[in-house]
Amino acid sequence: MGRPDPEEGQLPAPVKPPDGGWGWIVLLGCFVITGFSYAFPKAVSVYFKELMKDFHVGYSDTAWISSIMLAMLYGTGPVCSIMVNQFGCRPVMLIGGLLASAGMILASFTTNIIELYLTAGVLTGLGMALNFQPSLIMLGTYFDKRRPLANGLAAAGSPVFLSSLSPLGQVLLEKFGWRGGFLIMGGLLLNCCTCGAVMRPLDMGMKRKMGKAQDKYEAKEMLPIGGKSEEGISTTDGTKKGKKAKKKPKKGKKLLDFSIFSNRGFIIYTISKFILVLGLFVPPILLVNYAKDTGVPDTEAAFLLSIIGFIDIFARPACGMVAGLKWVRPHVAYLFSFSMLFNGLTDICSARASNYTGLVIFCVFFGISYGMVGALQFEVLMAIVGSQKFSSAIGLVLLIEAFAVLIGPPSAGRLVDALKNYEVIFYLAGSEVVLSALFLGAASYCCLNRGKKEPPPENNPTAGAGSDTEEAESDVQEAEEHSSDNHQPAHSTDNAVVVANEEANHVAEEQRGEGGGCPAGDGEVLARDGCNTDQMVERDSF
């Protein structure tokens with residue numbers, strides 16, 4: 001009755017993340033999507049030797065397939081954000097799954113390397129990008145208190161799928177050739193459509209239906225049974241329809257919200273993440289060749305990556321659990337800074353490893369630190385910008401990271417060719433990661449903490465949920481401004497209900513004069529102590 005109608009420009013009450021229930025199915029889908037997005041470009045490398053023979057090209061030419069996939073995954077971030085804001089997560093993921101599958105299926109019929117770039121590189125990479133980003137957005141929608149754990153479990157999909165897709169690709173290559181392997185891989189990517197189908201949005205439609213039903217129920221309670229009650233209900237429904245006809249069109253939703261650049265925390269995060277990506281992926285790319293140059297056999301050198309992947313599987317969920325602790329979560333940015341510092345120091349300390357034992361120790365510590373970084377990177381971003389602006393924030397961050405991905409590893413490879421020395425590369429990569437950690441920690445402490453020392457508002461949000469609270473308050477304020485234009489129609493609805501209420505009391509008084517008792521339902525209108533109509537209860541809702 002006195003409650004604002006959500007269709008009148010007022011924002012409905014936000015749905016609280018369930019932190020479970022169907023959210024676990026969403027988490028499973030995000031686990032699969034993360035695994036395909038990060039592991040698939042690396043797993044495709046098992047086909048490179050056969051592609052080199054069939055197309056008479058070099059290794060660098062075939063390596064561009066994986067590079068294009070990763071470039072599409074990172075570089076199309078803003079496009080994914082716009083599509084998600086316009087159409088929602090589920091339709092975008094369904095389209096992305098079809099594109100990813102179609103790219104690999106078409107790649108199995110290609111006749112030259114350029115066609116492979118366009119199909120397996122561009123088309124499949126775009127499809128995986130349209131799946132990866134919406135899955136993270138849905139994960140942040142379904143989880144709040146358990147969000148750090150959910151991010152850690154979802155991030156574990158990358159090492160699990162990497163350890164599975166590479167051996168599977170080798171088996172498919174031996175039995176069906178690269179064309180048959182690409183065709184079967186395309187079929188596997190159709191599972192992305194299944195993952196997209198389970199991304200059920202937290203719909204507000206049920207709340208609106210419940211609100212309308214409650215309006216009618218309250219009208220029946222205030223009016224006596226009979227024709228008068230039906231007239232009162234029809235009067236309220238008619239006035240609401242009049243309101244809908246007179247209301248102004250709503251403001252369109254921003255397809256890409258650039259206002260997040262006014263958030264100092266987002267700027268700090270973006271700069272530190274750009275520096276991090278310059279050196280983060282260099283050691284695992286060069287590790288196998290580095291081990292071979294030190295005299296390690298080929299099979300043992302390849303096993304080093306398996307060690308990193310195995311440790312990574314357990315490090316990501318464990319770090320997510322630690323980040324979810326009450327005394328850790330408000331300081332999750334500093335935990336992320338520590339994980340980057342740990343990773344950078346691991347690179348620097350391992351630069352002089354000259355035997356297999358030293359390299360194994362490096363892989364153990366690198367797997368732990370790499371897993372911590374992977375588990376926390378998106379959790380920190382969600383905590384900074386909030387769930388409502390996360391769709392725009394992640395798209396812009398991935399676009400900026402795309403430039404770092406195209407600069408870091410290729411530059412490291414050129415330095416190796418020029419210097420013939422892996423030690424310098426590990427020092428350089430570790431220094432970049434350490435620099436990003438120090439920048440994030442120092443900037444967060446100096447810029448953000450000092451800003452908090454200024455006179456804060458009365459209700460001070462916590463660090464973990466501050467962004468969501470501020471966004472909810474701003475959205476409510478915008479809704480109130482929008483609904484001020486519709487104040488007069490809403491007032492007429494209340495007047496109609498008051499008239500109906502007065503008619504009900506008049507009928508009740510006539511029935512009492514005829515010798516009847518208190519009519520049923522009048523307890524909602526009359527005072528509790530008897531049937532005296534002079535003692536009316538004034539409703540706050542009017």
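Observations
- List Trp24, Trp64, Trp178, ordered by accessible area with a 1.4 Å probe, largest first: Trp64, Trp24, Trp178
- Extension gain from Ser411 to Asp19, taking 0.36 nm per residue of separation minus the Cα-Cα distance: 136.8 nm
- Couplings for the stretch 410-426, taken from phi via the Karplus curve 6.51 cos²θ - 1.76 cosθ + 1.60 with θ = phi - 60°, read x, 5, 5, x, 5, 5, 5, 5, 7, 9, 6, 9, 6, 4, 5, 5, 5 Hz in order; Gly and Pro are left as x.
- Added length on full extension, which subtracts the Cα-Cα distance from 0.36 nm per residue, Ile267 to Tyr445: 62.7 nm
- As a rough guide to protection, the peptides 109-122, 333-346 ranked by mean Cβ packing within 10 Å, highest first, stand as 333-346, 109-122.
- Shown in residue order for the stretch 32-49 are the 3J(HN,Hα) couplings computed by the Karplus curve 6.51 cos²θ - 1.76 cosθ + 1.60 at θ = phi - 60°: 5, 5, 4, x, 5, 5, 8, 8, 4, x, 7, 5, 5, 5, 5, 8, 5, 5 Hz (x for Gly and Pro).
- Taking 7 Å steps out from each Cα toward its Cβ at Ser259 and Trp64 produces label points 4.3 nm apart.
- When the square roots of the Cα gyration tensor eigenvalues are ordered a ≥ b ≥ c, the ratio a/c for the stretch 306-399 is 1.5 or more and a/b exceeds b/c, which makes its shape prolate.
- Heavy-atom accessible area ranking, 1.4 Å probe, most first, across Cys195, Cys446: Cys446, Cys195
- Sorting the segments 275-282, 300-307, 386-393 by their mean number of nearby beta carbons within 10 angstrom, highest to lowest, gives 275-282, 386-393, 300-307.
- Net charge of the neighbourhood of Ala375, taken over other residues with C-beta under 15 Å away and scored Lys/Arg +1, Asp/Glu -1, is +3.
- Solvent-accessible surface ranking, highest first, for Phe426, Phe439 at 1.4 angstrom: Phe439, Phe426
- What the stretch 16-221 shows is 42 Å² of accessible area per residue, with the surface traced by a 1.4 Å probe over protein heavy atoms.
- Inter-part distance, the stretch 126-155 to the stretch 324-346, computed on C-alpha centroids, equals 19 Å.
- Portion, in percent, of the accessible area of the stretch 16-221 that falls on carbon or sulfur, probe 1.4 Å: 68 percent
- 3J(HN,Hα) from dihedral phi, the stretch 325-342, Karplus parametrisation 6.51/-1.76/1.60, rounded to Hz, x for glycine, proline: 5, 4, 8, 9, 4, x, 10, 5, 5, 6, 5, 5, 4, 5, 5, 5, 4, 4
- Between Met321 and Ile114, the C-beta separation translates, for a Förster distance of 56 Å, into a calculated FRET efficiency of about 0.75.
- Set Lys42/Lys389; Lys16/Lys273; Lys49/Lys292 screened for pairs whose C-alpha atoms are more than 28 Å apart: Lys42/Lys389; Lys16/Lys273
The values are calculated or read from the model by the stated rules, or taken from the named source; none is laboratory data. Not measured: the values here are computed from a predicted model. Glycine gets a Cβ as well: all are built from the backbone with ideal geometry, and neighbour counts include every protein chain shown. Protein only, heavy atoms only, side chains kept; ligands, DNA and RNA dropped before computing areas. Shrake-Rupley method; radii C 1.70, N 1.55, O 1.52, S 1.80 Å.
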